[in-house]
Structures are given as structure tokens and as C-alpha cells.
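Inspection log for the structure reproduced underneath, given as C-alpha cells.
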Amino acid sequence: MKPAEPDINEASNSWSGKLAILVIFGTAIGMAALAWWFQYNKNDELGRRWGFPTVRLIQNAPQAELWLIAPAGASLPPPDFASPVEVIESAQATIDGQSRNVLEKRDIIGGSGWLHARNLLNEDYNYDFSAAPAAGEWAYVLVFRNETERVFLAFDLEHGLLQELSSGTTLQLNEPARLVLVEFFDKRVEPANVQISEQPNADRPDKQGDSGSGGSADSPDQTD
């Protein structure tokens, strides 16, 4: 008897199946590597300006609060918010070397638009790093915290500015990012008697500085 000849079609199909598995596996590895690269590089410049621990805490902090702050040298009654807020009489935040009374605090974790706003703050392409930010007219502070760490971000949404208070570094938001945050603040935290312009005011006073260092703000003094 002649020995049975190998089934060429069966061998070919077996190899094709193995090749398909290898292609799928290689594609998955490539996509995972691309996702990791994007995640690593999306806030590379922010990490250099604010520090990577700060960036990580903004992204992962289990708690976040909004502080409504009074203008420098002023102590104003809190405006009428639609939902209950905590009125703070003794807390202060130090911005650009000036103490500001914290009029109200509120928890803003969760809810519509929160994850989008949080991610926006942590992505390089939402900032104009070539701009030299002017003096901010600060109205709000976002506080990101875990059990041992805190990050304080002051906002001037009228002009698209935010400052990381521990380093004093002020950055300029690009216009699409500014408008997204305006909408988020309008829905979540804006009092009825304060309106944020849809267009930046070009007539504000300039402040010398570069995009890498927005001033020498002290770390905020605050009490819970």
C-alpha cells in the first residue's frame, strides 16, 4: 500500500488560521501600545509645568470641590445658588500673593459633564503654551484631593486663564476648551447674577510673565 499523502488543503487551512490569530494578536498589541503612548504624551507638557504628581491627582482624585472666592480685599455675601451650598466664613485662598475669602464650597464630583471637564483640564492640546498669560481676575478655585494630597486650580473663565496655586504657574486655555468650561460652570456652579462672556475681553491689564511660570503665588491657606 502506498502511504497516505498529506492533505495539502488541510495544512494550508491550519496555517491560515494560525496566521489570522497572529495578526489579531499583533493588532491588539499595537493598539494597546498606541493607547499607552497617547495616554503618556497627552499631558507631557502639563507635567513639566505643573509636575506629574499634580497632573495625576487632577485625573484620579476621589474628591473635588468648587470654591467661590471674593475679589481681592473684598468680603461679599454669597450669591443665590439654585442648590444648597456650604457657606464658609474663615477659609481663605492665597492667589497672586493676595488672600481671598472663600465664600462658598460645594462638592462637584460626578454629574453631567464632569468627566469631560476633568479630562479637558489634563490634556495638553487644550492649552496655548505659547501665550504669555495676563493678570487673572480669579473667581473660582477647584480643589482636587485624596487622603494626603491636594491640588488647587484658580479660574478666570472670562479670559480663559487658570493657575496652579502651589507652583504659581498660570496657563492660557484655547478658546474651544474655554467655552466647554464656561458651559460646565454655567450648568454646575455659576450663580444667577454672574455671567461669563462668550468672547475674551481684550482690554484687561497685562501682566508680565511667560507661559511656563505665571507668577509666584503662594500655596493657598485654607481651613475645612
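Each value in this text was obtained by applying a stated rule to the coordinates, not by laboratory testing. The shown structure was predicted, so the numbers you read here are calculated from the model rather than taken from an experiment. Methodologically, a virtual Cβ is constructed for each residue, glycine included, from the backbone with ideal geometry; neighbour enumeration extends over all protein chains shown.
Arranged from fewest to most other beta-carbon atoms within 10 Å of their beta carbon, 140, 125 become 125, 140. List the residues whose amide H sits under 5 Å from the amide H of residue 104, counting only those 5 or more places along or on another chain, with H placed 1.01 Å from N in the peptide plane. Under 5 Å from the amide H of residue 104 lie the amide H atoms of 68, 88, each far enough along the sequence or on another chain.
Annotation note: GluC sites (Glu not before Pro) in region 139-180 located in DSSP loop regions with a Cβ neighbour count of at most 12 within 10 Å are 147, 149. Karplus-based coupling profile of region 52-64, in residue order and whole Hz: 5, x, 5, 4, 5, 5, 4, 6, 10, 4, x, 10, 8, with θ = phi - 60° in 6.51 cos²θ - 1.76 cosθ + 1.60 and x standing for Gly or Pro. If Lys and Arg each add +1 and Asp and Glu each add -1, what is the summed charge of the other residues whose beta carbon sits under 9 Å from the beta carbon of residue 111? With Lys, Arg at +1 and Asp, Glu at -1, the net is +2.
Mind sorting 170, 94 by how few other Cβ atoms lie within 10 Å of their own Cβ, fewest first? Walk me through the intermediate numbers first.
Numbers: 170 31, 94 17.
Final ranking by Cβ density, sparse to dense: 94, 170.
Only counting other Cβ atoms within 10 Å, I'd like 128, 107 sorted with the fewest neighbours first.
107, 128
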